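What follows is calculated from the coordinates using simple rules that are stated; it is not laboratory data. Everything numeric here is computed off the predicted structure, so don't read it as measured data. Every residue, glycine as well, gets a Cβ built from its backbone with ideal geometry; the counts of neighbours run over all protein chains shown.
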């Protein structure tokens, strides 16, 4: 950990652009956080030595000088995750955190975490995620953090390590933090009923608002200097912390874009003044838990805080190693054919998915509702990166991915066409939906892993 | 070409299955502008291989009013010369967004195929299942199997498969402006259809100016002489065929415009249900979308009732045969019974008249509509019509709409293309291209 309390003397205010202005000044200052982190990470990837406190790292909060390095990040995309891990993908891509490994539950269980500096988990169905990871996954995660790893969790990723006696979740009691948005009785819901409450054992977890909320930083460590800022809340927790945790940000206010799912007074009581972001230590490692989605691509200051937290608290020294999968470099006709085959199927799938968006249908998977619009979020995440793979003279890909990626893409198109055909014939599609989203998730993992591997190759 | 273009020319050899791509060279655009200027050029390049060339204008698929047009250029089964046919409805726009500006189809497939163009990808797909199907069933099959109702299809029917020179390339379920027998060319290549879908974007060199000017132009055009007019019934009036207007009106259910075209040039007739019905029809096929005013008028001249004329046009579209030619046979034979006409479709052969229209489809009425374009001498309409069609086919403007909107001047189209592409095309270049494609 690089952090130190208070700014070191060599860190003069003139290098610290946020000053005392707080509030929303960051963006108004014309600072492009993405370019800043991209620049640092590019230089680090090329072997440059940059220290905390150097002028070119001046947007990072005050800390003792120590060398920066590009972290190796594991992004969880296993069973139970929703589409929101793709927001982390955008953040990492834009900020040039390109050493990313996409993980499912089997990879976690098989010990891939030991090669990582950071583990990131976004939203989804917390219980399904916990169930998928199981006792082995919980053990591996706890060991990873305990040995100095950094856990960054938002929404479901924040719920997962909280204190719980509920089956599956009880293996993940990593921190002494409780959920505040829990009740013995389900509150009266104003709208979006199924997104507003979820049964949680004998209790109910309820989500008072969705969309944008205003948060206030406690100005500690990597959160210093930002004042208040915005982030979107999509079912993430409001937290009650014990003494061992540092509160990093609190829910401060609602905005015009806040969508109230329950009575405003209850929403205020549940959220305002309560903990939205927390930093907690476990062994030699650290967890950052964010109720709102700090990684959402429309919220640059919140994104900046994620990046700050990574640089602030990632493992002191690189463990090195690889994901354990043998990888090859494809170029020439073989590379062109693979990318063309993938492009063909992603195009086919996008075309069907756009048509599905007009259908009045939604699916329930676990305790989550999936609308047809979510299909295209996965496909677009791939589509917008295919151009880079087309232009790149070579790509780096694992043997397993090479074998499975094209059939997996064909399978997604096939399922989507079947779903469309069944909807046209007014037949049910609930039975196919879990397979569809599971296939989409796996395909997206394959494609994005290849994309990030190839970026590293180009770097 | 970076702007108003996908920068790709696709070459598909159906015989070998080889698919290649060329860049659309700025130099070619600087000399031939686009649309029929370039499809003609590509036709010449590949003419020994009997090509079918598809293309779009630089304005096709943009916000410029009337920017609906795609083009098929090929050798006409009727005239033996290269000719051009319009792709309207949403087909021209969709072709532009497939990611290919031009498509050259060469050779004959070993077995029936359809070409699937989507997002910059071209696939030759097996069409065995739909070979022998009528146009409607083939279109349904393609849309259903590919999983999207918005796919635009250029489809041929049994007429093409049997080698009829009257065979037409239909658009989705409806007739098209193909009066050149291009359907036969598709059939000879074992090409049942070309399916189009793309979700790309067009880059514009000066986007804000271009879009603002398009909107201003729309406002200006909306005050034009066709204001308050709609559908084929009012086109008939503008052609001086007021009787035809009265004849068709009782069957009109709705009028429908092609992509971004301010005038609705297509009219849906209800043939088996009350056209005043606004709810969902009881029957799956209650009527027919008339896209060819001249053909409809032809059946009136043959003495058919409006309802029978609509029924025969529907049968023509399913069979994939040019209804204007069928109407001419009806006039000659005196046949007025729709069932007999439908039964005779497979046996129709022989020459049909081709008006003096150069290489452009005479599907577009032969004179200005709702405006005389400041021409005092109406005897000059022939030359005016050819030039006007050439301009529409070069830039990608709906050919019927081009004949009713004098606001869309050649100068304005050049200005907008230059604004959209960053090129510096001028009237001299345009004149040369027009002269070439009209010769």
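Quick notes on this structure:
- Potential lengthening between residue A:255 and residue A:400 on full extension [0.36 nm per residue; Cα-Cα distance subtracted]: 47.5 nm
- Unit Cα scatterers, Debye sum, chain A: log10 I(q)/I(0) for q = 0.10 Å⁻¹: -0.73
- Using the Cβ-Cβ distance between residue A:243 and residue A:186 with R0 set to 41 Å, the FRET efficiency works out to roughly 0.85.
- R0 of 60 Å, Cβ-Cβ distance residue B:373-residue A:340: FRET efficiency to nearest 0.05: 0.80
- Taking only the Cα atoms of region A:389-453, the ratio Rg/Rh comes out at 1.11, with Rh defined as the Kirkwood radius.
- Inter-chain neighbour count for B:189-198: the average number of beta-carbon atoms from partner chains within 10 Å of each residue's beta-carbon is 1.
- For region B:1-24 versus region A:323-361, the gap between their alpha-carbon centres in whole angstrom: 21
- Within the protein assembly as shown, helix-based [θ] at 222 nm, where runs of 4 or more DSSP H residues each add -39,500 (n - 2.57), nearest 500: -11500 deg cm²/dmol
- Relative contact order %, chain A, counting alpha carbon pairs below 8 Å whose residues are six or more apart: 16
- In terms of the mean number of neighbouring beta-carbon atoms within 10 Å, the peptides A:153-160, B:210-217 order highest first as A:153-160, B:210-217.
- Cα shape, region A:327-458, gyration tensor, a/c 1.5 rule: prolate
- Contact order, relative form, for region A:342-459: 37 percent (alpha carbon pairs under 8 Å, 6 or more residues apart, mean separation divided by residue count).
- Two-site FRET efficiency, residue A:203 against residue B:282, from Cβ-Cβ distance with R₀ of 41 Å, rounded to 0.05: 0.20
- For region B:299-439, the Kirkwood radius over C-alpha pairs fed into Stokes-Einstein at 10 °C and 1.306 mPa s yields D = 90 µm² per second.
- Scaling the Cα radius of gyration of chain B by the globular reference 2.2 N^0.38 Å produces a ratio of 0.91.
- Here the label points at residue B:409 and residue B:249, each 7 Å from Cα along the C-beta direction, are separated by 3.7 nm in the simple model.
- log10 of Debye I(q)/I(0), alpha-carbon scatterers only, for the protein assembly as shown at 0.05, 0.06 Å⁻¹: -0.37, -0.52
- By other beta-carbon atoms within 10 Å, ranking B:371, B:353, A:280 with the fewest at the front produces B:353, B:371, A:280.
- Taking every DSSP bridge with both residues inside chain B, close to 75 percent are antiparallel.
- Prolate/oblate/rounded call for region B:269-337, Cα gyration tensor, a/c under 1.5 rounded: prolate
- Shape category assigned to region B:171-231 from the gyration tensor of Cα positions, a/c cut at 1.5: oblate
- Distance between modelled label sites at residue A:359 and residue A:195, nm, 7 Å Cα→Cβ extension: 2.1
- Between region A:104-123 and region B:346-406, the alpha-carbon centres lie 67 Å apart.
- Separation of alpha-carbon centers, region A:32-75 and region A:400-416, rounded to whole Å: 37
- Once both labels are positioned 7 Å from their Cα atoms along Cα-to-Cβ, the gap between residue A:51 and residue B:222 label points is 6.6 nm.
- Of the residues B:382, B:147, B:187, the one that moves most in a GNM of chain B with alpha-carbon contacts below 10 Å is B:147.
- Considering only alpha-carbon pairs that sit under 8 angstrom and 6 or more positions apart, the relative contact order computed for chain B is 20 percent.
- For A:337, B:111, order by how many other beta-carbon atoms lie within 10 Å, fewest first: B:111, A:337
- Highest mobility in the GNM of chain B, judged by mean-square fluctuation with C-alpha springs under 10 Å and restricted to B:316, B:357, B:258, is found for B:357.
- Label reach from residue A:110 (point 7 Å along Cα→C-beta): in region A:384-399, amide nitrogens under 14 Å belong to A:398-399.
- Peptide A:347-358, shielding by other chains (average Cβ, 10 Å cutoff): 5
- Kirkwood Rh, Cα atoms: Rg over Rh of region B:227-347: 0.96
- Sorted by Cβ density within 10 Å, fewest first, the residues B:166, A:261: A:261, B:166
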